[in-house]
Amino acid sequence: MNFSASRLGLLLDVDGPVASPVSRTVRPAIIRDLVSLAVAGWPVIFNTGRSDDFIRQQVMQPMIAAGLPEGVRVHAVCEKGAVWFSFDGTGPDQPQVDPELKVPGDYAETIRNLVDDKYSRTMFFDETKLAMLSVEQHVHVDNADYLSEQGLFDADALEQLGLAGLGGQRLDRTIPDAAGNVSFRIDPTIISTDIEAVGVGKDLGARRALAMLEAEGTEVPRTWRTVGDSRTDYAMADELSRLGFEVAHVDVRPADGVPETDYPVLTAGSLIHDDAGALYFERWVAMAAGEAADDAVVL
């Protein structure tokens, strides 16, 4: 693997630091900064639970419209490592899917029907996922109303895993299969629930990101910034640190609690979500242009 110490690698969760968790869209200033960073030669890699379709619609197409050139490659690891693709100013490559990390189709149909029959007032089944399942809050629904039903849905989804003979877990509750195995996980967020193979995660996404750079012969930076809005996003920085990279993690929702880490954790004061993300992207553009020495933000 080739290494470079001349620039930072960016490994970015999407919901929160890039896309607003309220509107599920990306503000134009963030899109422009991401294009600038990619053009400057900084590896820009999204590491998200979102589908490849979401990234194409909400990130790729706006970046192309904002001037992402042909040949400047941006990478996307989707569905927490189960799906991945790259794109440049001409459009996307075909997404790749890990067949070992797909949720069975019969169970997917059960969850689709469960949402339609019982929970459609507050949430919808995401039809764009290729490996995992996601059920998400309607944009027009108040988050408190969604959260009041999310736990009920999660319990039903776990029960259906057991009825399907698939071992599953949600937080501290586990239902093993007949052989005692637990193969799937129900992972709630503030706006959705993901049902996924236990092998996926932001750590897998980090390894996938490095493999994508290596496959293209891209120099891999020694120093990285990972960005996320939940405790699970720290797994990106944990994995890069374990592999010997210098890393700092930007937490755009530190109120969830900042864990003890072996690497720096950066925040943006009272700013959260894409307000905090925008602040750091702007700072990194200044660094790439030689106008700032580091990413110490001024609040």
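Does any residue of segment 72-81 turn out to be touching a residue at least 60 places away in the same chain (Cβ under 8 Å) and over 22 Å from Ile191 (Cβ atoms)? There is at least one residue in segment 72-81 that is touching a residue at least 60 places away in the same chain (Cβ under 8 Å) and over 22 Å from Ile191 (Cβ atoms). Residues that are in contact with a strand residue (DSSP E or B) (Cβ under 8 Å, 6 or more places away or on another chain) and surrounded by fewer than 21 Cβ atoms within 10 Å (Cβ to Cβ) within segment 172-184 comprise Thr174, Ile175, Val182, Ser183, listed in sequence order. Screening Ser51, Ser20 for residues that are out of contact with any Ser or Thr (no Cβ under 8 Å at 6 or more places or on another chain), in contact (Cβ under 8 Å) with a residue 24 or more places away in the chain and assigned by TED's automatic domain parsing to the domain that holds Tyr234 leaves exactly one candidate, Ser20.
Quick check, is Ala65 in contact with a helix residue (DSSP H, G or I) (Cβ under 9 Å, 6 or more places away or on another chain) and within 23 Å of Leu213 (Cβ to Cβ)? Spelling it out, it is not the case that Ala65 is in contact with a helix residue (DSSP H, G or I) (Cβ under 9 Å, 6 or more places away or on another chain) and within 23 Å of Leu213 (Cβ to Cβ). Picking from residues in segment 169-181 that are over 22 Å from the mean Cα position of the chain (by Cα) and within 26 Å of Asp15 (Cβ to Cβ), the one that is modelled with the highest pLDDT is Arg173. Would you confirm whether any residue within segment 128-136 is part of a helix (DSSP H, G or I) and under 27 Å from Ile55 (Cβ atoms)? The answer is no, given that none of the residues of segment 128-136 is part of a helix (DSSP H, G or I) and under 27 Å from Ile55 (Cβ atoms). Close Cβ contacts (under 9 Å, 6 or more residues apart or on different chains) running from residues in segment 163-179 that are more than 17 Å from Leu101 (Cβ to Cβ) to residues that are of a type in the set (Ser, Thr, Tyr) and part of a strand (DSSP E or B) comprise Arg170/Thr193.
The values are calculated or read from the model by the stated rules, or taken from the named source; none is laboratory data. Predicted, not measured: the structure shown is a model, and the values here were computed from it. Here Cβ is always computed from backbone atoms with ideal geometry, including for glycine, and neighbour counts include all displayed protein chains.
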